[in-house]
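Chemist: A single structure is presented below for examination.
The values are calculated or read from the model by the stated rules, or taken from the named source; none is laboratory data. Values in this document were obtained by computation on a predicted structure and should not be read as measured data. With ideal geometry, Cβ positions are generated from the backbone for all residues, glycine too; neighbour counts draw on all protein chains shown. Just the protein is used for accessible areas: all its heavy atoms, side chains included, with ligands, DNA and RNA removed. Shrake-Rupley method; radii C 1.70, N 1.55, O 1.52, S 1.80 Å.
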Amino acid sequence: MLAFERWLGEHRILCAFNLTAAPLEAELPEPLLGMPLEGHGFGGVRAAGRLSLPPYGAYFGGQA
């Protein structure tokens, strides 16, 4: 899993990518995950401090 944050002023987005052919899961602090941004079609799911990414999937979570 490749994950990083991007900042613009006070706005933050977490970008996480699964670059493998297998599903991946990781535990991350809830504040770091942010609110899921939808409409990108990459299938990442956030639930109870856990991030699940399908093969070659991604997750984007934003916070103001």
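Chemist: Please work out which residue is nearest to Ile13 (Cα to Cα), limiting yourself to region 48-64 and to residues that are over 11 Å from the mean Cα position of the chain (by Cα) and among the hydrophobic types (A, V, I, L, M, F, W, C).
Modeler: Looking at the filtered set, the residue picked out is Ala64.
Chemist: Something else about it: When only residues in region 42-64 that are assigned to a loop (DSSP other than H, G, I, E, B) and open to solvent by 80 Å² or more (accessible area, probe 1.4 Å) count, which is modelled with the lowest pLDDT?
Modeler: Among residues in region 42-64 that are assigned to a loop (DSSP other than H, G, I, E, B) and open to solvent by 80 Å² or more (accessible area, probe 1.4 Å), the one modelled with the lowest pLDDT is Ala64.
Chemist: Here's something else I'd like to know. Being assigned to a strand (DSSP E or B) and touching a residue at least 40 places away in the same chain (Cβ under 8 Å), is that true of even one residue in region 17-32?
Modeler: Yes, region 17-32 contains a residue that is assigned to a strand (DSSP E or B) and touching a residue at least 40 places away in the same chain (Cβ under 8 Å).
Chemist: To continue, here is another question. Return the residues of region 27-40 that are open to solvent by 50 Å² or more (accessible area, probe 1.4 Å) and not charged (D, E, K, R); say none if nothing qualifies.
Modeler: Scanning region 27-40 gives Pro29, Pro31, Leu32, Met35, Pro36, Leu37, Gly39, His40.
Chemist: (1) surrounded by 13 or more Cβ atoms within 10 Å (Cβ to Cβ); (2) over 14 Å from Leu2 (Cα atoms): which one isn't true of Leu24, the others all being true?
Modeler: If we test Leu24 against (1) surrounded by 13 or more Cβ atoms within 10 Å (Cβ to Cβ); (2) over 14 Å from Leu2 (Cα atoms), just (2) comes out false.
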